[in-house]
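The values are calculated or read from the model by the stated rules, or taken from the named source; none is laboratory data. The model shown is predicted, which means the values in this text are computed figures rather than measured ones. Neighbour counts run over all protein chains shown; Cβ positions are idealised from the backbone, glycine included.
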Amino acid sequence: MNYPSIFNDAIGPVMRGASSSHVAAAHRIGALARDYMNGNIKKVVVDYDPNTSLGPTHESQGSDMGLFTGLMGWDVTDPRMTEARTHLEESGTEVEIRILDYGATHENTYRLTVANDNEEMTLYAISIGGGMMEITEINGVKVSMFGDYHETLVFSDDENVVEGVDADYIIKRDGAFQIKSQKPISLPEGVSSKEMKPVLPVGARKDLSVPFTTSEEMLDYNKGRDLSFWELAVKYESARGNISEDEVFEKMRAIVRILENSIRLGIKGTEYEDRMYGAQAPLYKERMGANKGMNLGLQDDVILAVTALMDVKSSMGVIVAAPTAGSCGTLPGTCLGVANALGLDEDLKVKAMLSAGLIGVFIAHMATFSAELGGCQAETGSGSGMAAAALVTLFDGTVDQCVSAASFALQNTFGLVCDPVANRVEAPCLGKNVLMAGNALSAANMILAGFDALIPLDEVIVAMHKVGLAIPCELRCTGKGGLAMTPTAQKIFAELENKQ
């Protein structure tokens, strides 16, 4: 069953830019491949299909650096990430990247081959949005690995080999058994096997159950309980992760503190050579201080926070994919920008981000956060719906108002395309993050004033997903349409390529 986690799917991972679908997902794929090879890797071949979104974007949006960082065994926040290939090659590993038409059927398909003097392994994997990924094949064996279990592949057809193994699931594959467990398993001596550790912050388990997966189910669950929206988020994640409610709250507090630090760094100013924009947040801070242009009140504080986060992302600083790196400004910039401007305390910020996370769970369950599948409405659009619920929480709104605000905000995002200039997550990404932050502000205020969202949230999410899938592939983060194909964008792309 698809039971998303707030910390796996909606708010996280903590990472360095530029794209969670590229960097974070690729990092997890690389880390699992490293485990398979016990860290002994002498050759790496990465194949991208030109007919997928990764063909034109793998380098500029960070797939390569993510893979190589994972293969090095480094954390996804490691400051050496941009130089990971150099470090990998200096360690004695041969690296080759190829663009080949091998019939990939998913927009975000990776084919990775790693080898040493004794063995070779080829895996297929897909990035499914927000840093989540699935390994679908290893050395011709069809598998399904999301990184939420200890995974063991046992290469045998003899069921006696796995009899009595303490595991959640033992799945018979063609020529192998795939074993999913909470911890490393013991096998008879001499059995050929490979083990891979979990890469997700919240694991899965057998007989996992959650109190609800849709907003309609949540409203039914809350009858007679009268919990606030953030409390329902805590209940859900506690059940999903098999952790205490206090631990859920403190996990989100840690994320809020990371975000606060990123906003401060962005406002102070960031530097990074390989980017189109210079540091934008200091410019907006100066405009606010000089009282230039229109006074937008709280929206000015939101624009500043959103821009600060996007600046940090574009300078390869540490951000939180909430729900994705490309949309990392919309939700936290809106929520924390308003909260800080009003001097609200940290606990309330945590509650608001938990509320946003629960909306993200509903979206992840019924739709996608991947722009490659759903356009920018899947990223900044989703972030806007999540932010609207967070704002309602900041202002002590009801459960119904949180759900309605998210519905109202999402309704305004349908058809938002993803057309990054020069295949970098900067333009028009910054503007769309700011736009969707404004959408969240408007939606939350209108619902708090008594407006009717009309269409239930679950129906809106399903409709949004259908619209996203109907967007032409050229306008779904492939760099093949929209602003990306304008003469000026092509000129910028050529200039950046010549600087490499």
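Just one of (1) in the same structural domain as Tyr48 (by TED's automatic domain parsing); (2) among the β-branched types (Val, Ile, Thr); (3) modelled with pLDDT under 95 fails for Val161. It is (1). Ala104 falls short of the stated requirement of being under 13 Å from Gly30 (Cα atoms) and assigned by TED's automatic domain parsing to the domain that holds Leu54. Would you be able to say whether some residue in segment 199-213 is assigned to a helix (DSSP H, G or I) and either in contact with a Phe, Trp or Tyr (Cβ under 6 Å, 6 or more places away or on another chain) or more than 16 Å from Gly360 (Cα to Cα) (or both)? No, the conditions are met nowhere in segment 199-213. Take the conditions (1) crowded, with 16+ Cβ neighbours inside 10 Å; (2) modelled with pLDDT under 95; Glu495 misses just one of them, which is (1). Checking the stated criteria, Ser127 turns out not to satisfy the condition of being part of a strand (DSSP E or B), exposed (fewer than 15 other Cβ atoms within 10 Å of the Cβ) and small (Gly, Ala, Ser).
Answer yes if at least one residue in segment 175-183 is at pLDDT 95 or above, polar (S, T, N, Q) and touching a Phe, Trp or Tyr at 6+ places or on another chain (Cβ under 7 Å), and no otherwise. For segment 175-183, residues at pLDDT 95 or above, polar (S, T, N, Q) and touching a Phe, Trp or Tyr at 6+ places or on another chain (Cβ under 7 Å): present. Quick check: is even one residue across segment 73-86 of a type in the set (S, T, N, Q), under 27 Å from Met353 (Cα atoms) and buried (at least 22 other Cβ atoms within 10 Å of the Cβ)? Looking for residues that are of a type in the set (S, T, N, Q), under 27 Å from Met353 (Cα atoms) and buried (at least 22 other Cβ atoms within 10 Å of the Cβ), one finds none in segment 73-86, hence no. Scanning segment 196-214 for residues that are small (Gly, Ala, Ser) and closer than 19 Å to Gly12 by Cβ returns Gly203, Ala204.
Restricting attention to segment 204-215 and to residues that are under 25 Å from the mean Cα position of the chain (by Cα) and surrounded by fewer than 17 Cβ atoms within 10 Å (Cβ to Cβ), the residue that is farthest from Lys235 (Cα to Cα) turns out to be Lys206.
Of the residues making up segment 64-118, those that are within 25 Å of Thr368 (Cβ to Cβ), of a type in the set (A, V, I, L, M) and part of a loop (DSSP other than H, G, I, E, B) are Val76, Ala104. Annotation note: Cβ proximity below 8 Å between a residue of segment 347-374 that is surrounded by 24 or more Cβ atoms within 10 Å (Cβ to Cβ) and a residue that is among the acidic types (Asp, Glu) and part of a helix (DSSP H, G or I) (sequence gap 6+ or interchain) occurs for Leu354/Glu237; Gly357/Glu237; Gly360/Asp9; Val361/Asp9; Phe362/Asp458; Ala364/Asp9; Phe369/Asp9. In this entry, Asp158 is excluded by the filter for residues that are surrounded by fewer than 22 Cβ atoms within 10 Å (Cβ to Cβ), under 27 Å from Ser5 (Cβ atoms) and acidic (Asp, Glu).
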